[in-house]
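S.K.: Would you mind keeping the following structure in view while I ask a few things?
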Amino acid sequence: MIRLRNWVAVFSLAVASTLNASTPDQPLDSSADQIKGNEQWLVNGGEFKIRFNRDLLAAKGVRAFGAQPTSGQNPEDEEFAVFPLVPKQGLQFNAPEGGFDRFTGGTLGIAGGFSLKLPNGEKLSFRNAVLRHNHDQPMRLELVSDDGQAWLYLNHLMYKMVRDDTGFFVRSADLRASAGLAYKIGRPELADEYVGEVKMLANVVQRPFGYKPMDAKAVLACPDFHGTGPANDPFQADVLMESYSMSGTRCRNSDGSGTCDGPAGSNDGDVVFTPSSTLRNSNKANTADVPWYQKFTTSPHNYPYPLNDQHPYLIWNMYRIIDGQLEQVGASGVKHAFLTTNTGCAAGACTGSGHILGKNCGDTYGTGNNDNSSSLGPRSELVPATGQWARCNSIYDDGNPVSPTNMACDGQQDSSGNTEYMQRLVVKESKLVAAPAPAVTQFFSESWYIVQDDIDIYNTMAHRSMTPNGAAGSWSPGTQGSFVLGPVLNTWVNPTTQSTQNVDLSSAEGHSRIAVKVRTLDSCPAASGFSGTCYRYDYVVNNFDFARVQFMPPPNHAGLNLGLVSSQGYSAFKLNTGSQVPIWLDPDAHFADIDVDAGNNWVAALGTDSVTWTAPANNQLKWGTLYRFSFVTTAAPNPTFTQNAQLAVALGDPGFEFARRIMVPNVGTLFEGNFE
């Protein structure tokens, strides 16, 4: 049961399988005989906020009018238009024994709203719109226009009871197009698409008889944070990624204008993809409760990061494999989580009014709030190995140039300055197009949660295959494959069955992996001068959460004043090979990073029995990123022959600090095996 005194989500009470990446709208128990009159809550009147995904709507020929952002709001809401909720019938929801179950009936009125202009010029007015309970989907709310039709609907609602349970606050909900709207404009692909986000604060006008709100000053017997508890068996944070699905959000031309022209066009446009992602805390005897305090708030508990506004974070990536070569093609910024919905918790789980993820508790962040500019920031503001956010000098607190003596933060949340293409996963259209036959192209997405002190980062990330579909004005991920726990790198080369070809390189500063895949070429490249049989070795360095950070000095490096002066990734990669191995580096294909800018590619140099790639100053291998390094040789692969692969951090003076043995080519060795 989900307690009203906790944050709750109305999108899912359980997920049927980790292989099912959809987020169900229905509760598990939807039988009508569970509803009793004395368990009903009623809300009426209040405030309604809405923002539209205008680029996606425009690509379908639909334009929104009268929903411009309202000035003077706090930075969390600066993208939203505000309208009053006017008294109507009121909206009811069922809460047996104080636990949310479903919406059961009623309506809320919205005054002075907006309108949608359709491709044929017809206008749908929402000037006197209604939010209405959906009998067939009791975890949704329909947004009904003046003509009485539900052209839009809300799902993935995340809410909280506020003001001593006299206010029903929807912190975020996805706004989606109905099948009826998609049919009406002749664009069937628009059905159920994310077209905006909604917030709402409604007044509670009726509570069950005898209900008493929790004393705000009550002392909880929890939480059990990471590192606390018995010395011989302390509590440990171990959060699992449970499911996710990716959506195409918007696209534009490469100069920032209009909409993209699709895979057949001549302009290499920008495409944004955004996920809906679900995590779940583990449920072991020593499972730790996870602190979850949104930006610019403090904790009442003495937890490991004193007074700090710390919370989990979400990032997402995109990759492709062409002719066996893996490369990353897109990366998001950091999504700052703001509450935990705590679904499906273990009995007695500590939930801290939505600011603590308790044992076995789940949480989902929908497409809308993952695409919200006020919840996104740069990866460089995070210490990924510990999951700490450096608020000072972030884009939300002054964001002035940082130095050890420049402490430019005042503790007041500022506007992020993000546009709809900043901090998003942006992919160039050219990277989404399959290579001509006979080359085989595969595409993958990844979604990761970063959780403070999590003991296993690999089970907080997952990946899925995808088949991008594009047309003028929009892209979608197409068919998405099964949910697979762990990074896409481990699908490219399996570390269990190919242990010398996918190796871990971890330290107190973070985790990385190095992998190699070998392909026997049909013929040796003419420019190489080689003859006989040639092999292409593709090495990938995947930096998961390694960052060398420089903190601001005390007293700034403490509590809410945590700040970073710098954050570095890897600056050089050196591969020691066997003796006298002939190596040829293709000038145009020996390196692949995440962008299409050849000017920032790493520079390769051949040495005696080694090859080294060095980064320019503006293109270190930062955390959450994967780079590929390739060469051609006549030396056949042998998984039993290994040498050191080394990584450096310092720019300009690559003193190699990290090393791990991995399979490399060696003259005179031969292994009969399949490396394709």
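The values are calculated or read from the model by the stated rules, or taken from the named source; none is laboratory data. All values derive from a computational prediction rather than experimental measurement. Ideal geometry is used to build each Cβ from the backbone, glycine not excepted, and the neighbour counts take in all protein chains shown. In case anyone asks, the SASA skips ligands and DNA or RNA and just uses the protein heavy atoms, side chains included. Shrake-Rupley method; radii C 1.70, N 1.55, O 1.52, S 1.80 Å.
S.K.: Please compute the length gained on full extension between Arg660 and Thr608, using 0.36 nm multiplied by the number of residues separating them and subtracting their Cα-Cα distance.
M.R.: Additional length available on full extension: 16.8 nm.
S.K.: Taking Cα pairs under 8 Å and at least six residues apart, what relative contact order does segment 169-297 come out at, in percent?
M.R.: 20
S.K.: Considering only protein heavy atoms and a 1.4 Å probe, what is the carbon-and-sulfur percentage of the accessible area of the chain?
M.R.: 50
S.K.: Extending each Cα 7 Å along its Cβ direction at Ser266 and Thr533, get the distance between those two points in nm, one decimal.
M.R.: For the pair Ser266/Thr533, the computed spacing is 4.7 nm.
S.K.: Okay, moving on. Given contacts defined as C-alpha pairs under 8 Å and at least six residues apart, what's the relative contact order of segment 428-564, whole-number percent? Numbers along the way, then the final one.
M.R.: Numbers: 193 pairs, mean separation 18.4, N = 137.
Here the relative contact order equals 13 percent.
S.K.: Next up: Taking the Cβ-Cβ separation of Glu189 and Thr497 as r and a Förster radius of 30 Å, what is the calculated FRET efficiency to the nearest 0.05?
M.R.: E between Glu189 and Thr497, to the nearest 0.05, is 0.15.
S.K.: In the full protein assembly as shown, how much of Lys88 is accessible to a 1.4 Å probe, in Å² to the nearest 10?
M.R.: Using a 1.4 Å probe on the heavy atoms, I get roughly 100 Å².
S.K.: Can you give the extra length, in nm with one decimal, that the chain gains between Asp456 and Asp136 once fully stretched, where that is 0.36 nm per residue apart less the Cα-Cα distance?
M.R.: Numbers: separation 320, 0.36 × 320 = 115.20 nm, distance 4.01 nm.
Net length gain for the segment: 111.2 nm.
S.K.: Here is a further query. Rounded to the nearest 0.05, what FRET efficiency is calculated for Val433 and Ala526 with R0 set to 30 Å and r the Cβ-Cβ distance? Can you show the working numbers first?
M.R.: Numbers: r = 27 Å, r/R0 = 0.89.
Approximately 0.65, to the nearest 0.05.
S.K.: Using Cα pairs under 8 angstrom and six or more residues apart, how large is the relative contact order of the chain, in percent?
M.R.: With pairs under 8 Å counted, the relative contact order is 11 percent.
S.K.: Using a 1.4 angstrom probe with every protein chain in place, what is the largest-first accessible-area order of Lys574, Lys123?
M.R.: The most accessible residue leads, giving Lys123, Lys574.
S.K.: Keeping all protein chains in place, calculate the accessible area per residue for segment 224-264 (probe 1.4 angstrom), answer in Å².
M.R.: I get 42 Å² per residue for segment 224-264.
S.K.: Which of rounded, prolate or oblate describes segment 490-587 when judged by the alpha-carbon gyration tensor and an a/c cut-off of 1.5?
M.R.: Taking the square roots of the gyration eigenvalues as a ≥ b ≥ c, segment 490-587 is prolate.
S.K.: Here's another thing I want to ask about it. Could you do me a favour and compute the accessible area per residue for segment 313-445, 1.4 Å probe, result in Å²?
M.R.: Heavy-atom accessible area per residue stands at 27 Å².
S.K.: At 222 nm, what helix-only mean residue ellipticity would the chain give, in deg cm²/dmol to the nearest 500, using -39500 (n - 2.57) for each DSSP H run of four or more?
M.R.: Roughly -500 deg cm²/dmol at 222 nm, from the helical runs in the chain.
S.K.: Taking the structure as given and computing mean projected area of the Cα convex hull in nm², which label from (i) 45.8; (ii) 50.4; (iii) 31.5 fits?
M.R.: From the options (i) 45.8; (ii) 50.4; (iii) 31.5, the structure gives (iii).
S.K.: Can I ask one more? Expected output is a single nm value to one decimal: the length gained when fully extending between Gln89 and Cys222, i.e. 0.36 nm times separation in residues minus the C-alpha distance. What is it?
M.R.: So the chain would gain 43.9 nm between Gln89 and Cys222.
S.K.: Using a 1.4 angstrom probe and counting only protein chains, how large is the accessible area of Glu197 in Å², to 10?
M.R.: Glu197 has an accessible surface of roughly 0 Å² with all protein chains in place.
S.K.: So what is the accessible area of segment 534-648 per residue, in Å², with the probe set to 1.4 Å? Mind dumping the intermediate values first?
M.R.: Working: 3910 Å² over 115 residues.
On a per-residue basis, 34 Å².
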